[in-house]
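Worksheet: the structure to be examined is printed underneath.
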Amino acid sequence: MDRWLARIIVAQGRWAKPFGDFNHRWLHALFRPIPAVRDLLNGRWLGHPLHGVLTDAPIGILFLVIVLDILDLRTAADVALIAGILTMLAAAVAGAADYADTDGTARERATVHSTLMVVALLVYLASLAIRGGGGAGDDRTVAVWTSVVAFLILAAGAYVGGDVVYALGNMVSRHAFRGAGTKWIALEPAELDDAGDIPEGRPVKGRLGINTLAIVRRGEAVLALHDTCAHAGGPLSEGSIEDGCLVCPWHFSKYRLTDGRARRGPTVYDQPAYEVRRTEAGGWEARRRPS
């Protein structure tokens, strides 16, 4: 079944890619000038993607609608349906903020996911309209079956959404399984200035064992963050410095150089930071700072 479903999802790329690119342009233009709103919807304040939290509510509530309909608790089912629709809208707004900074295959799958969710929402609204018509008998039967069809579409959308997160790693920390380590390891900057020192005032890539760091020298102090952006894997060593923070060149997530704290989204995760010191031989060594 997994392979069959995967083929169906991949086949949607023919329309999902151009449609997703179009949606990405206007959503990115919408959220880019309002970083505080984007950070709120991304969930930076929560330290966890807000969309992932909100999606549980409509799925649970809208399943409850089916249960209440089966028990013929009509008023309760209708109230639950309204609540489910409202939570769907809330989850959609948060999801749109994430979508504005989603690229590649993840964007294609997110386009399929969001399209299915919009279709489910429209079918739920149709069910609500039928229920509000005041009819009985066949009219109520149509309303109930309409909500069942909507839930099946909702479940399909949730499946594709899970694929975006679990198969493609969208909005997952790139450092979730990286060990802290306390051992000092030789740091090898990719470039040095004429005096044999790390160039000052701009990010420089460096090698620390199997890890790559983005290094910034300020006078005698050397600060370093892991080069791979926690949000989507962008190279921080190719970014810029702004107000004591390192800014990712891909989606402009902003991390404080001293401790890696996220200061601006779309990232919702902090960045691994490293202590750097000179060695007696004149080089440098580093180790990861405690979280």
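Rule-based calculations on the coordinates, nothing more; no lab input. Everything quoted here is computed from the prediction, not taken from an experiment. Note that each Cβ is placed from the backbone with ideal geometry, even for glycine, and that neighbours are counted across all protein chains shown.
The phi-based Karplus calculation (6.51 cos²θ - 1.76 cosθ + 1.60; θ = phi - 60°) puts the 3J(HN,Hα) values of segment 223-235 at 10, 8, 10, 4, 6, 7, 4, 4, 6, 9, x, x, x Hz, whole numbers, x for Gly and Pro. When peptides 279-286, 147-154 are ranked by their average number of other Cβ atoms within 10 Å per residue, the highest-first order is 147-154, 279-286. Treating each Cα of segment 2-167 as an identical point scatterer and ignoring solvent, apply the Debye formula and state log10 I(q)/I(0) at q = 0.16, 0.20 Å⁻¹. The computed values of log10 I(q)/I(0) come out as -0.94, -1.22.
The charge dipole of segment 64-208, taken about its Cα centre with unit charges on the Cβ of Lys, Arg, Asp and Glu (plus for the first two, minus for the last two), comes to roughly 380 debye. Taking other Cβ atoms within 10 Å as a rough exposure proxy, D101, D193 sort from fewest to most as D193, D101.
Evaluated on segment 3-48, the Kirkwood hydrodynamic radius is 12.9 Å, with distances taken between all distinct Cα atoms. Within the same chain, aspartates and glutamates fewer than 8 places from K17 are excluded, and of the rest, those with a Cα less than 18 Å from its Cα are D98, D101, D103, E108, D163. Taking the C-alpha atoms only, the angle from helix 56-70 to the longest principal axis of the chain is near 10 degrees. Between helix 2-11 and the chain, what is the angle of the helix's C-alpha long axis to the longest principal axis, kept within 0 to 90° and rounded to the nearest 10? Result, in degrees: 90.
In segment 185-288, Cα pairs under 8 Å separated by at least six residues give a relative contact order of 21 percent. Dividing the mean sequence gap of close Cα pairs (under 8 Å, 6+ apart) by how many residues segment 2-167 holds gives a relative contact order of 26 percent.
Dividing the C-alpha radius of gyration of segment 185-288 by 2.2 N^0.38 Å, with N its residue count, gives 0.99. Compactness of the chain was expressed as the Cα radius of gyration divided by 2.2 N^0.38 Å, which yields 1.27. Between I185 and L46, the distance separating the two model label sites (each 7 Å from Cα on the Cα→Cβ line) works out to 3.4 nm. Considering only Cα atoms, the convex hull volume of segment 37-95 works out to 62 Å³ per residue. Each residue of segment 175-184 is assigned a 3J(HN,Hα), and the resulting list reads 10, 4, 10, 7, x, 7, x, 10, 7, 6 Hz, derived from the Karplus form 6.51 cos²θ - 1.76 cosθ + 1.60 (θ = phi - 60°), x at Gly and Pro. Neighbour counts of C-beta atoms inside 10 Å place S240, S253 in the sequence S240, S253, starting with the fewest. Our summary gives the chain a relative contact order of 16 percent, counting only alpha carbon pairs under 8 angstrom and 6 or more residues apart. Straight-line cross-link reach from K183 at under 25 Å between alpha-carbon atoms covers these lysines, not counting any fewer than eight positions away in the same chain: K205. A straight chain from R7 to A29 at 0.36 nm per residue would run longer than the Cα-Cα distance by 4.7 nm.
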